[in-house]
């Protein structure tokens, strides 16, 4: 059945539709209140740039009917996560924002966290989101300078510097009453909720006392801390009479591009802002509602969300949050501010996004010309070792020419100075596992090297009966990448000034960095292991006990000689202390 005939079968019901290319691959997933109207709209009239490109690649479609719009929104999200379609927005881990977590411990203990996994239960109370890690750490720094919080991730047996300067109550050694700890928590919570009066009053009193005692340096520190607090909270101020907590999302469209802005209000303070800009695919309402729904799958939901009126029917599946719209008042002004921010983002960044899109199109076209097919998923390999020891391999993955870090893989290989043997082991393990677990297949495999590396890769693919495009990054006599070699051993020259050369060089650097980082980590571990192994009198049980207690060699190295003598015999402690400092 051709598309024209299939369009006639569409029902006038809510649901999701899946657009497919000539290879049957899903390239776009959308939702609709009325499937017949929405899907037909793609094949009539004119569209913006990205939607026109999508339509030109649609060779077939499927659809799934749902009971209501709520089910359609949820199903769309699940299908996008499952198929990772080229033309959809797919949220990455780095779209999760930083929060300050007051941990669920008896002593006040805080840290900056990102919530990449919403299904993982957080033990404690969250404050945020903050616009970036720097802003969150700045707030944490202010609290740690003023309140006696627990500073150590692992409680030690001895009092540290923080105790002696009055910034910790000594939870590692003393039993602090729960009432005292709770009073500290109460003040911290009040500050993180936007009430700065208590902390400013305390700092003012400390500054006055320090001045009276002629401790002018200390008084200046209190003054600077007060200024930091005032600057931080001034940036957050918005005209909200009540100390309410809610989010605001709005958008704007310009020349086929869309920008979306989210504002995060916490206890009457504007804590942060989310910004997104890209080419628009489909209609505004579906695009923005899909973005907002995905956003709240990796970020905590506020009690209320304010959006423009036209989005209300499209976000009915967003549970555990009260969705509202307003036409006047302070919240309407925030909606307007979010729209103005979106327009400003479009005005400033439209050319950058356009240039980036041209870059990706150019590289895509070059790869299609060379390999005579669309290249959507690329897997690159490299290995690293030191004289055949701590041999490791790394695979990095690019989807639609963008790094897909969740798909990166590391391989601990059999120690060998033979790079070809290591490459063969890594490729075999990767693609045997791919077949066994029915994992997504790459469109292109890239290995670092020329003919002999291609021969090894061909050998593995032949053994596994796989037909996947393959190429190597060949080098000139100066060891600089200068050409591609395909699996037929044909050299393909690349212009060093081309966008394809730029992409391949960056990808090569990325896989090399990934492999080297892992190799250094293993080498460091083995070095540390040999340090502990070669200390006379330090037996396996004691080594295990040390590592279990202090976690890393770095933590052991930070111990004083007296601290080591508390857990080891004096002579053994001396040997270990001196050995750890041999290369300092």
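The values are calculated or read from the model by the stated rules, or taken from the named source; none is laboratory data. Just so we're clear, the structure is a prediction, and the values are computed from it rather than from any experiment. Cβ coordinates were reconstructed from backbone atoms using ideal geometry, including for glycine residues, and neighbour counts include every protein chain displayed.
Only one residue in 10, 18 is under 17 Å from residue 286 (Cα atoms) and in contact with a strand residue (DSSP E or B) (Cβ under 9 Å, 6 or more places away or on another chain). Which one? Can you show your working first?
Numbers: 10 fails: under 17 Å from residue 286 (Cα atoms).
When all the criteria are applied, what remains is 18.
Segment 1-120 holds strands (runs of 3 or more DSSP E) entirely within its bounds, and those carrying 3 or more residues that are within 25 Å of the chain's Cα centre (by Cα) and surrounded by 14 or more Cβ atoms within 10 Å (Cβ to Cβ) map to 26-32, 98-103, 110-114. The set of residues in segment 159-173 that are in contact with a helix residue (DSSP H, G or I) (Cβ under 9 Å, 6 or more places away or on another chain) and either loosely packed, with under 14 Cβ neighbours inside 10 Å or at pLDDT 75 or above (or both) comprises 167, 168, 169, 170, 171, 172, 173.
Kindly establish whether residue 319 is closer than 27 Å to residue 251 by Cβ, surrounded by fewer than 20 Cβ atoms within 10 Å (Cβ to Cβ), modelled with pLDDT under 90 and outside the structural domain of residue 78 (by TED's automatic domain parsing).
On the way: closer than 27 Å to residue 251 by Cβ: yes; surrounded by fewer than 20 Cβ atoms within 10 Å (Cβ to Cβ): yes; modelled with pLDDT under 90: yes; outside the structural domain of residue 78 (by TED's automatic domain parsing): yes.
Yes: the conditions hold for residue 319.
Which residue is nearest to the chain's Cα centre (by Cα), if the candidates are limited to segment 212-228 and must be assigned to a helix (DSSP H, G or I) and farther than 21 Å from residue 139 by Cα? Applying the filter and picking the extreme gives 217.
Output the residue which, of all residues in segment 290-313 that are outside any helix (DSSP H, G or I) and over 18 Å from the mean Cα position of the chain (by Cα), is surrounded by the most Cβ atoms within 10 Å (Cβ to Cβ). Here the residue is 307. Where residues in segment 116-139 are modelled with pLDDT of 75 or more and touching a helix residue (DSSP H, G or I) at 6+ places or on another chain (Cβ under 6 Å), which of them is farthest from residue 188 (Cα to Cα)? Once the filter is applied, the top-ranked residue is 130.
Name every residue in segment 493-504 that is surrounded by 11 or more Cβ atoms within 10 Å (Cβ to Cβ) and at pLDDT below 90, in order of residue number. Reasoning before the result, please.
From segment 493-504, those surrounded by 11 or more Cβ atoms within 10 Å (Cβ to Cβ) are 494, 496, 498-504; that's our starting set.
The answer is 494, 496.
Within segment 466-489, the only residue that satisfies the criterion of being over 36 Å from the mean Cα position of the chain (by Cα) and either modelled with pLDDT of 90 or more or surrounded by 10 or more Cβ atoms within 10 Å (Cβ to Cβ) (or both) is 489. State which residue is surrounded by the fewest Cβ atoms within 10 Å (Cβ to Cβ) when the search covers only segment 179-198 and only residues that are modelled with pLDDT under 85 and not in a loop (DSSP other than H, G, I, E, B). Once the filter is applied, the top-ranked residue is 197.
Taken together, the criteria place residue 447 among residues that are closer than 12 Å to residue 485 by Cα, in contact (Cβ under 8 Å) with a residue 24 or more places away in the chain and assigned by TED's automatic domain parsing to the domain that holds residue 383.
Condition (residue is farther than 25 Å from residue 550 by Cβ, modelled with pLDDT under 80 and surrounded by fewer than 18 Cβ atoms within 10 Å (Cβ to Cβ)) applied to segment 144-154: is it met by at least one residue? Checked against the condition, which is being farther than 25 Å from residue 550 by Cβ, modelled with pLDDT under 80 and surrounded by fewer than 18 Cβ atoms within 10 Å (Cβ to Cβ), segment 144-154 yields at least one hit.
Residues checked against (1) part of a helix (DSSP H, G or I); (2) surrounded by 15 or more Cβ atoms within 10 Å (Cβ to Cβ):
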site: 340; (1), (2): yes, no
site: 351; (1), (2): yes, no
site: 354; (1), (2): yes, yes
site: 365; (1), (2): yes, no
site: 410; (1), (2): no, yes
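Here is a check on your reading of the model: is residue 258 at pLDDT below 90, assigned to a strand (DSSP E or B), crowded, with 21+ Cβ neighbours inside 10 Å and in contact with a strand residue (DSSP E or B) (Cβ under 9 Å, 6 or more places away or on another chain)? Criteria not met by residue 258.
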